[in-house]
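This report concerns only the one structure given below.
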Number of protein chains: 2
Amino acid sequence: MAAMQIKIYQDLMGANDEWAAKTREFLKSRHVPMVNIIGSPGCGKTFLLEKSIVALRPGRRIAVLEGDVATTRDAERLAVLDIPVSQLLTNGACHLEAKLVHHALLDLPLDTVDMVIVENVGNLVCPAEFDIGENAKIAVLSVTEGEDKPLKYPLLFRECKAVVVTKIDLLPYIPFDLDTCLANIQAVNGHVPVFTISAVNGQGMQAWLDWIASVKN
Amino acid sequence: MAAMQIKIYQDLMGANDEWAAKTREFLKSRHVPMVNIIGSPGCGKTFLLEKSIVALRPGRRIAVLEGDVATTRDAERLAVLDIPVSQLLTNGACHLEAKLVHHALLDLPLDTVDMVIVENVGNLVCPAEFDIGENAKIAVLSVTEGEDKPLKYPLLFRECKAVVVTKIDLLPYIPFDLDTCLANIQAVNGHVPVFTISAVNGQGMQAWLDWIASVKN
């Protein structure tokens, strides 16, 4: 009987979880925690990072991995802060996967940083499904998106270790009810800490900075 | 030789395109065009629909298919307008596929409607990749998301037949440069019509209504 060529299709999510576990172990051995920032396009993730990175230094030195479908714009915005930053281009895919993150981490100067922040692709759905080896997922929701998003995109809000509600300086101009939003967050993730902030005027930033600085492996 | 059981895995995107082609032919035979509205979570898709459906009647009677990951909130918002509306739940998936849309269409009272509007899952990435048999994809972008989104999520802005820039009533309160945004849209899709609107105060709505009323099979 002639030898057969058998193609093997590995469970993709299983392979992802293996890379994520490897990353988590690697970062623990280096004493560098990693957080995974997830939110809609335009919810203010990059601006939140810009403000947070400056406010946290010199005590917490941050490196950033920027996930995007196309362009290196966000990495360029952060590179001017003189921090280690790499752009992870998914070339069309709507989320980051653990293997790409792992290889990018190997190229970061981890001896000189206290924390890695990953900014995922702007998307409330798929990034929540993929473990990339982070110590905490963080959901970012801008008030201009409406109070109902935690109910409509429940996986992220259930999986995350903190929620940052951004752009509260715009509250006077929009029909957004903060109490309803907080109740909706609580409905899917009872005890998750929620930080309501304006990265523009600094309101609420200190509590958020204290929290993220406390994330550990 | 005993009969073998062979599992067949069909190319998923190929199967999707077959359903989309079937849908396009079916709707053409019924003289009912269909548009596919795509944008970020919270960019104002449902509110735009509410205002447009009321403004377009009685000349254009609209039926709606509401795509969501979870909850029937958006379909409930539109049902009060006394129109045919169905909720398509993806149960976690980040986009609508053609087969689900096709079967939902078969249950709509197409004899009593002039157009079907599909509101896709809130997501700038994956919905742009899946043909659902529509006659036009329409990209919705709110000014609070920033001018750079057409460059960062180019597929949707390249594939669409029109762009609706929403929430322009908020322009006085945010650092958004409309000319830069329009240049970015033009960079990926030179001649696409762009409608800058506020569904809150009605600014720019008439040009958008005239355009969507003109979409044909």
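The values are calculated or read from the model by the stated rules, or taken from the named source; none is laboratory data. Treat the numbers as computed from the prediction; the structure is a model and nothing was measured. Because the Cβ atoms are built from the backbone with ideal geometry, glycine has one as well, and the counts that use them run over all protein chains shown. Just so you know, the surface numbers come from the protein's heavy atoms only, side chains and all, with ligands and any DNA or RNA stripped out. Shrake-Rupley method; radii C 1.70, N 1.55, O 1.52, S 1.80 Å.
Of all the residues that make up the stretch A:148-206, how many are more than 26 Å from A:Ile53 (Cα to Cα) and among the small types (Gly, Ala, Ser)?
Summing the residues that are more than 26 Å from A:Ile53 (Cα to Cα) and among the small types (Gly, Ala, Ser) in the stretch A:148-206 gives 3.
In the stretch B:101-217, which helices (runs of 4 or more DSSP H) lie fully inside it and hold 1 or more residues that are over 23 Å from B:Pro33 (Cα atoms)?
Ranges flagged: B:149-152, B:154-159, B:178-188.
So if I check each of A:Leu182, A:Leu151, A:Leu155, which one is open to solvent by 50 Å² or more (accessible area, probe 1.4 Å) and at the interface with chain B (Cβ under 10 Å from one of its Cβ atoms)?
Among A:Leu182, A:Leu151, A:Leu155, only A:Leu155 is open to solvent by 50 Å² or more (accessible area, probe 1.4 Å) and at the interface with chain B (Cβ under 10 Å from one of its Cβ atoms).
For B:Arg73, state whether it is open to solvent by 40 Å² or more (accessible area, probe 1.4 Å), at pLDDT 95 or above and among the charged types (D, E, K, R).
no
Modelled with pLDDT under 95, more than 24 Å from B:Asp210 (Cβ to Cβ), among the small types (Gly, Ala, Ser) and open to solvent by less than 30 Å² (accessible area, probe 1.4 Å) - does that describe any residue in the stretch B:81-93?
Checking the stretch B:81-93: at least one residue is modelled with pLDDT under 95, more than 24 Å from B:Asp210 (Cβ to Cβ), among the small types (Gly, Ala, Ser) and open to solvent by less than 30 Å² (accessible area, probe 1.4 Å).
Select from the stretch A:94-105 the residues that are buried (at least 19 other Cβ atoms within 10 Å of the Cβ), closer than 30 Å to A:Pro150 by Cα and among the aliphatic types (A, V, I, L, M) and list them in ascending order.
Passing the criteria: A:Leu96, A:Ala98, A:Val101.
List every residue pair whose Cβ atoms sit under 9 Å apart, with the two residues 6 or more apart in sequence or on different chains, where the first one lies in the stretch B:64-91 and is in contact (Cβ under 8 Å) with a residue 60 or more places away in the chain and within 11 Å of chain A (Cβ to nearest Cβ) and the second, anywhere, is assigned to a loop (DSSP other than H, G, I, E, B) and surrounded by fewer than 17 Cβ atoms within 10 Å (Cβ to Cβ).
Sorted first by the residue in the stretch B:64-91, then by its partner, the list stays empty.
Failed condition for A:Phe47, given (1) open to solvent by less than 10 Å² (accessible area, probe 1.4 Å); (2) within 14 Å of another protein chain (Cβ to nearest Cβ), with all others met?
(1)
So, in the stretch B:106-148, exactly how many residues are within 11 Å of chain A (Cβ to nearest Cβ), buried (at least 22 other Cβ atoms within 10 Å of the Cβ) and in contact with an Asp or Glu (Cβ under 7 Å, 6 or more places away or on another chain)?
2
Let's see how each residue does on (1) in contact (Cβ under 8 Å) with a residue 12 or more places away in the chain; (2) among the aliphatic types (A, V, I, L, M); (3) closer than 17 Å to A:Ala20 by Cβ:
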{"position": "A:His103", "(1), (2), (3)": "no, no, yes"}
{"position": "A:Pro109", "(1), (2), (3)": "yes, no, no"}
{"position": "A:Val116", "(1), (2), (3)": "yes, yes, yes"}
{"position": "A:Cys126", "(1), (2), (3)": "yes, no, yes"}
{"position": "A:Val143", "(1), (2), (3)": "yes, yes, no"}
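So which residues in the stretch B:159-173 are crowded, with 23+ Cβ neighbours inside 10 Å and among the basic types (Lys, Arg)?
Matches in the stretch B:159-173: B:Lys167 only.
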